[in-house]
1. Looking at the range 3-18, which of the residues that are in a loop (DSSP other than H, G, I, E, B) and surrounded by 12 or more Cβ atoms within 10 Å (Cβ to Cβ) is modelled with the highest pLDDT?
2. Answer yes if at least one residue in the range 79-87 is closer than 29 Å to ILE200 by Cα and modelled with pLDDT under 85, and no otherwise.
3. Looking at the range 29-137, what strands (runs of 3 or more DSSP E) fall wholly within it and have at least 3 residues that are without any contact (Cβ under 8 Å) to a residue 24 or more places away in the chain and outside the structural domain of THR162 (by TED's automatic domain parsing)?
4. Based on this model, can you work out whether MET87 counts as among the aliphatic types (A, V, I, L, M) and crowded, with 17+ Cβ neighbours inside 10 Å?
5. Would you check which residues across the range 56-96 are within 20 Å of SER31 (Cα to Cα) and touching a helix residue (DSSP H, G or I) at 6+ places or on another chain (Cβ under 7 Å) and list them?
6. Report yes if some residue within the range 199-216 is farther than 14 Å from ARG121 by Cβ, surrounded by 13 or more Cβ atoms within 10 Å (Cβ to Cβ), of a type in the set (Gly, Ala, Ser) and touching a residue at least 40 places away in the same chain (Cβ under 8 Å); otherwise report no.
7. Identify the residue in the range 24-47 that is modelled with pLDDT under 85 and either surrounded by fewer than 13 Cβ atoms within 10 Å (Cβ to Cβ) or among the hydroxyl-bearing types (Ser, Thr, Tyr) (or both) and, among all such residues, is nearest to ASN66 (Cα to Cα).
8. Can you pull out every residue in the range 48-66 that is surrounded by 20 or more Cβ atoms within 10 Å (Cβ to Cβ) and either at pLDDT 90 or above or more than 10 Å from the chain's Cα centre (by Cα) (or both)?
Amino acid sequence: MTEFFKALGLGPKGEEQEVANVLRSLDRRKSPLLMEIEQSHVHFRSVLAIKKGVIVVAKPTGIGANLKKDAFVRFSVPESPGRDIRMQILSPHFNLTSGNAVFICKMPTVFVEGTKRNATRFNTSRFNNLHVTFPEKNIQFRIIDLSVNGVKLFVQGKAEQTFAIGYTITPVRINISKFSADLDGLIPRVQKGASIGCEILVTSNSPARKYIDHLIKALQKQEEETLKASEV
């Protein structure tokens with residue numbers, strides 16, 4: 001029976017070949033993929049290539065500290081909801097002769113069950129002028145991760161004094177340099193190390209909603225332009 005399934009391409013070797021075919025197709029098309037670093041909640045867009053039996057992935061700016069040897073990155077297979085490819089990192093940083101930075105992963109051989117993801121999140125830790133401000137307390141915290149409905153703040157050990165998990169904070173605003181918009185509120189959800197993740201409360205079609213959507217589009221456009229300049 002096992003040989004029968006292998007002959008149909010449904011056994012382990014058949015799946016390994018299918019994974020390889022998917023990866024080769026993504027390599028040819030240079031399709032931008034939304035990738036996730038497991039256990040870090042970091043998402044980024046990148047492209048991959050197959051080189052000498054390993055997977056080479058263009059390394060976006062600002063994610064270096066989150067990539068570690070033997071950690072895993074994963075992404076959903078395009079046009080195959082519920083099915084992911086999971087890749088183990090062999091080398092978190094390598095400079096190509098072109099000068100572009102990449103990281104290198106082990107060639108995967110199986111598909112894994114897809115994970116349920118929230119809205120696309122962008123690493124913003126490279127920006128020093130993107131903050132959430134609490135006017136009544138006259139304090140602000142740098143945004144190191146942003147999505148359409150949430151932020152991660154770098155709190156520098158002040159989380160306990162400023163945030164209570166699950167309780168709405170208001171008034172609060174989001175600002176980049178001199179531009180700002182008032183939010184309906186912020187709800188702290190997860191505290192981890194020097195950062196805290198918060199849910200954004202904002203009314204549809206409000207100036208704040210438009211402001212955040214504009215930021216997300218600008219970040220996505222910047223990542224896509226970076227990918228176009230990368231060759232792997």
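1. GLY11
2. The answer is yes; a qualifying residue exists.
3. Where strands (runs of 3 or more DSSP E) fall fully within the range 29-137 and carry at least 3 residues being without any contact (Cβ under 8 Å) to a residue 24 or more places away in the chain and outside the structural domain of THR162 (by TED's automatic domain parsing), they are 83-95.
4. yes
5. Correct list: ALA58, PRO60, THR61, VAL77, ILE85.
6. No, the conditions are met nowhere in the range 199-216.
7. Among them, the one singled out is SER40.
8. Looking only at the range 48-66, we keep the residues that are surrounded by 20 or more Cβ atoms within 10 Å (Cβ to Cβ), and these are 48, 55-60, 63.
Within the range 48-66, LEU48, ILE55, VAL56, VAL57, ALA58, LYS59, PRO60 meet the criteria.
The values are calculated or read from the model by the stated rules, or taken from the named source; none is laboratory data. Predicted, not measured: the structure shown is a model, and the values here were computed from it. Every residue, glycine among them, receives a Cβ derived from its backbone with ideal geometry; neighbour counts consider all protein chains shown.
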